[in-house]
Amino acid sequence: MFQSASRSRIRIGLFCLLVAPSVPSVWSAPAIAATPVRHKAALVVASTESQMTQAQNAAFLQPFARASRQPVVRQAWNGTLAELDGHGLHAGRTGTWSLVFAEDTTIRAACVRELVIHLAGSATNPDGCGVPGMTAQVVVAWDQTRRRLAPRWADFWDIVRFPGKRGLRRDPRTTLEIALMADGVAPGDVYNQLATPQGVDRAFRKLSQLRPYITWWSTPADATSILERGQVLMGSAPGDAVRSIATRYRDRIGINTDMALSYGLSWGVVAGQSAFRLGQARNLLHFIIQPDQQAAFLARYPAATPPASLPASVALPVDVQFWQAHYPDLSRRFDTWLRDAG
């Protein structure tokens, strides 16, 4: 379930840009747009969110390119820091990315490793790692033709009463939290548990119970694909991705937001660019967060706004600081568990 960033978060992001070192702006220097530009290298915007491609192109990238006469192209990003590094600080001749869009936890990890630049800080983001773009939710989605009542995470593990495959993200983020909530841990205690060896063991034991029935997904497109094809009875999935296919499967695929996990997606400015490209990247980010462009995006991607008929309850906000500290260790533990589980 995606929502546009709140006005206060947009102001924070705008403040980050305004107090950063000044660069030429496409709005304050009309002469730039009036001067023909030849053979200008395109800015590359890399994103892990493929389902938003058309809407972001139409609302952000194409209008900026027309206004600034600065070409902009979009590329898919697998979300790994290794790929970002290969297109940033160590790009060599392969080309440098300018902006990236991904989960807050990914952008924060990239910021810690200096793969994206630190923007000016704020009260909610003191180290300036990224500019808030959207708020998302992982929800329970399920096949309503096989089960009418909305399942909760405890039902997710009940193979006896509700036989069938389950879809889970092939990543410890959100997956471990879900495992603990399914095991009866209150949402407010999840991160206290995961911060201890005993809590981590408990989460993996719970996952092991379900392991033979799990169909893994890695991207929002994967999550919706296994639902569309009827490969799973129920699955965790980004709410907006599920809603984007809901018009075609209105009577079959249901969404339960009661046990949702909320997380943010942010924009990051890639390190390693030339001074000119860095300035253009800042200009593009400044353009993206303008209210008019945000409204244009929502008009083209209505799945980003939940219908009024759906409750906006959130069981657990994903803790960015927790994952900043623990993601490397828990990721290795998760990979080892996957290999050992066969």
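The values are calculated or read from the model by the stated rules, or taken from the named source; none is laboratory data. Note that the structure is predicted; figures quoted are calculated from it, not measured. Counting neighbours? That spans all protein chains shown, and the Cβs are built from the backbone with ideal geometry, glycine included. We work out accessible area using only protein heavy atoms, side chains counted, and drop any ligands, DNA or RNA first. Shrake-Rupley method; radii C 1.70, N 1.55, O 1.52, S 1.80 Å.
Using 0.36 nm per residue of separation minus the Cα-Cα distance, give me the extension gain between Arg205 and Arg300 in nm, one decimal.
On the way: separation 95, 0.36 × 95 = 34.20 nm, distance 4.25 nm.
So the extension gain works out to 30.0 nm.
With a 1.4 Å probe and every protein chain left in place, work out the accessible area per residue of the stretch 150-241 in Å², rounded to a whole number. Can you show the working numbers first?
On the way: 3470 Å² over 92 residues.
Here the per-residue accessible area is 38 Å².
Along the Cα→Cβ direction, 7 angstrom out, place labels at Val73 and Ala275. What is the inter-label distance in nm?
Reported label-point gap for Val73 and Ala275 is 2.7 nm.
Modelling each spin label as a point 7 Å along the Cα-to-Cβ direction, I'd like the Arg229/Asp258 distance in nm, to one decimal.
Placing both labels 7 Å along Cα→Cβ, they lie 3.0 nm apart.
Would you please give the FRET efficiency between Asp292 and Ala42, computed as 1/(1 + (r/R0)^6) with r the Cβ-Cβ distance and R0 = 22 Å, to the nearest 0.05?
Details: r = 23 Å, r/R0 = 1.06.
About 0.40, to the nearest 0.05.
Using the beta-carbon distance between Thr215 and Gln54 and R0 = 22 Å, what value does 1/(1 + (r/R0)^6) give for FRET efficiency, to the nearest 0.05? Can you show the working numbers first?
Numbers: r = 27 Å, r/R0 = 1.24.
E between Thr215 and Gln54, to the nearest 0.05, is 0.20.
Would you calculate the separation in nanometres between label points at Ala246 and Gln62, each defined as 7 Å from the Cα along the Cα-to-beta-carbon direction?
2.6
By how many nm would the segment from Glu83 to Ile159 lengthen if fully extended, with 0.36 nm per residue of separation less the alpha-carbon distance?
Extending this stretch completely gives an extra 23.6 nm.
Please list 186-193, 82-89 highest first by mean number of surrounding beta-carbon atoms within 10 Å per residue.
Working: 186-193: 15.5, 82-89: 18.4.
Sorting 186-193, 82-89 by mean packing, highest first, produces 82-89, 186-193.
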